[in-house]
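Asker: Got a structure for you, questions after.
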Amino acid sequence: MTFRNTLGTLTFSILTSLGLVSVAQAQAQEGKPYEQDFAGIPVKISMVPIPAGEFLMGSPVAEAGRQADEGPQVKVKVEPFWMSATEITHDQFFPFRFDEKDVKPKPDAISRPTAQYIDLTWGMGKEGGFPANSMQPYTAIMYCKWLWKKTGIFYRLPTEAEWEYACRAGSKTAYPTGVQAATLAQFAWYGSNSKDAYHKVGQKKPNAYGLYDMLGNVSEWTMDMYDAKYFEKLAARPESGFIIERTAPRAYHTARGGSFKSKAAELRSADRLAQVEDWNQRDPQVPRSKWWLTDGDFVGFRIVRPVKQPSPEEAEAFFKKMLGQ
């Protein structure tokens with residue numbers, strides 16, 4: 001399948017000459033995995049290529065555990081992209097969260113998260129590969145903007161369509177290719193084996209695309225606002241880049257993949273999780289924090305890099321819209 005690198009060799013060359021990207025990053029090739037590194041910061045993000053294609057999104061009416069908001073199914077055309085091999089970890093998140101960990105050159109015009117009232121990991125783990133958690137979608141998107149400013153490469157959250165396509169990895173059944181209800185524990189940390197805590201990423205088997213923890217561990221934010229009529233709107237524009245945009249100040253996003261708290265049926269590829277106000281019910285602020293979720297310890301995120309990169313102006317406009325700035 002074709003895997004077009006529309007960012008272009010010229011852009012990479014310019015960024016490299018300016019010292020804004022590493023050689024390894026500049027050598028990222030169409031259809032090949034690569035590691036996003038950061039000058040002076042001892043962390044990397046492994047990126048996995050997801051090929052272009054088409055798939056039937058959503059679940060059939062007869063699927064066990066199906067919810068009404070998972071259909072009707074729509075055939076969606078998918079553009080190629082890279083996706084982080086794992087959920088973003090605290091180690092990968094800290095250079096953005098803590099200014100002192102972000103070495104020069106520091107990006108301009110980046111707001112960093114406020115301090116947490118309490119440790120929102122609740123003792124489940126931080127350094128060493130544990131997934132970053134308890135953040136609002138705003139925080140995850142701002143992290144992507146930090147990456148954009150830091151590297152010159154446009155990263156964002158996956159759309160719902162991109163997430164489900166990458167999760168299925170060719171499957172047309174309830175679980176990803178090679179996964180069955182009876183073998184979920186080989187691929188996921190969920191209610192039956194997690195001991196009510198998230199775990200270090202990458203300890204279970206990957207899916208057929210080489211993505212770890214797509215099911216369970218922490219649920220993953222998508223770019224889309226939650227909409228029960230999502231599939232009706234998607235049918236009018238069946239493309240993987242389709243996004244349900246914000247229509248109200250308190251609009252909530254959709255998360256995917258289930259978590260360490262989920263039942264097996266909630267780990268199905270088509271299952272959708274709508275953000276609700278209760279995920280921040282213990283937040284004493286008025287208005288409540290735009291950065292953190294006091295009761296959303298089960299939510300994290302992973303990132304994608306579209307092969308078709310936007311222009312700098314388009315990227316800035318995208319973040320301005322999605323962050324409500």
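Asker: Return one whole number: the accessible area per residue of the chain in Å², for a 1.4 Å probe.
Answerer: 43
Asker: Does the chain come out rounded, prolate or oblate by the C-alpha gyration tensor, with a ≥ b ≥ c the root eigenvalues, rounded set by a/c under 1.5 and, if not, prolate when a/b is larger than b/c and oblate if not?
Answerer: Note, shape of the chain comes out rounded.
Asker: May I ask you to give the percent of accessible area on the chain that is carbon plus sulfur, with a probe radius of 1.4 Å?
Answerer: Of the solvent-accessible surface of the chain, carbon and sulfur hold 55 percent.
Asker: Compute the length gained on full extension between Ala68 and Leu120: take 0.36 nm times their separation in residues and subtract their Cα-Cα distance, giving the result in nm to one decimal.
Answerer: Using 0.36 nm per residue and subtracting the Cα-Cα distance, I get 15.5 nm.
Asker: Add -39500 (n - 2.57) for each DSSP H run of 4 or more in the chain, then divide by its residues: what number comes out at 222 nm, to the nearest 500 deg cm²/dmol?
Answerer: Rounded to the nearest 500, the figure is -5500 deg cm²/dmol.
Asker: Next question, about the same structure. With each pseudo-label sitting 7 Å past Cα toward Cβ, what's the Val286-Lys233 distance in nm, one decimal?
Answerer: In this crude spin-label approximation the distance works out to 3.1 nm.
Asker: Here is a further query. Place the peptides 177-184, 304-311 in order of packing, highest mean first, counting for every residue the other Cβ atoms within 10 Å and averaging per peptide.
Answerer: 304-311, 177-184
Asker: Follow-up question, since we're still on this one. What spacing in nm lies between the two simple spin-label points modelled at Ala265 and Glu35, each 7 Å away from Cα in the Cβ direction?
Answerer: In this crude spin-label approximation the distance works out to 4.3 nm.
Asker: At Asp108 and Thr173, where each label point lies 7 Å from the Cα along Cα→Cβ, what is the point-to-point distance in nanometres?
Answerer: The modelled label-to-label distance comes out at 5.5 nm.
Asker: Oh, and also: Please list, short to long, the whole-number percent of alpha-carbon pairs of the stretch 113-183 in consecutive 5 angstrom bins beginning at zero.
Answerer: With 5 Å bins starting at 0, P(r) equals 3, 12, 13, 15, 18, 17, 13, 6, 2.
Asker: For the pairs Lys263/Lys290; Lys149/Lys308; Lys32/Lys263; Lys205/Lys290; Lys106/Lys200; Lys290/Lys320, flag any whose C-alpha to C-alpha distance is greater than 23 Å.
Answerer: Lys263/Lys290; Lys32/Lys263; Lys205/Lys290; Lys106/Lys200
Asker: Hey, how many Å between the Cα centroid of the stretch 293-325 and the Cα centroid of the stretch 145-175?
Answerer: 11
Asker: Mind ranking Ser171, Ser192 by accessible surface for me, highest first, 1.4 Å probe?
Answerer: Listed by decreasing accessible area, they come as Ser192, Ser171.
Asker: Still on this model: Just need log10 I(q)/I(0) for the stretch 208-276 at q = 0.23, 0.24 Å⁻¹, Debye formula, equal scatterers on the alpha-carbon atoms, no solvent, rounded to two decimals.
Answerer: Taken in order of the listed q values, log10 I(q)/I(0) reads -1.08, -1.12.
Asker: At a Förster radius of 45 Å, what calculated FRET efficiency corresponds to the Cβ-Cβ distance of Leu323 and Thr183, to the nearest 0.05?
Answerer: Efficiency, from the Cβ-Cβ distance: 0.70.
Asker: In debye, nearest 20, what is the charge dipole magnitude of the stretch 34-323 about its Cα centre with +1 on Lys and Arg Cβ and -1 on Asp and Glu Cβ, if you could check?
Answerer: Roughly 200 debye, rounded to the nearest 20.
Asker: Past 19 Å, Cα to Cα, is the threshold; run Lys172/Lys204; Lys77/Lys172; Lys101/Lys150 against it and keep the listed order.
Answerer: In this structure, Lys172/Lys204 lie more than 19 Å apart at Cα.
Asker: Run the Debye formula on the Cα coordinates of the stretch 169-325, all scatterers equal and no solvent, and tell me log10 I(q)/I(0) at q = 0.21 1/Å.
Answerer: -1.44
The values are calculated or read from the model by the stated rules, or taken from the named source; none is laboratory data. Here the structure is a predicted model, which means the values were calculated and not measured. Reconstructed Cβ throughout: ideal geometry from the backbone, glycine too, with neighbour counts over all protein chains shown. The accessibility values were calculated without ligands, DNA or RNA, using every heavy atom of the protein model including side chains. Shrake-Rupley method; radii C 1.70, N 1.55, O 1.52, S 1.80 Å.
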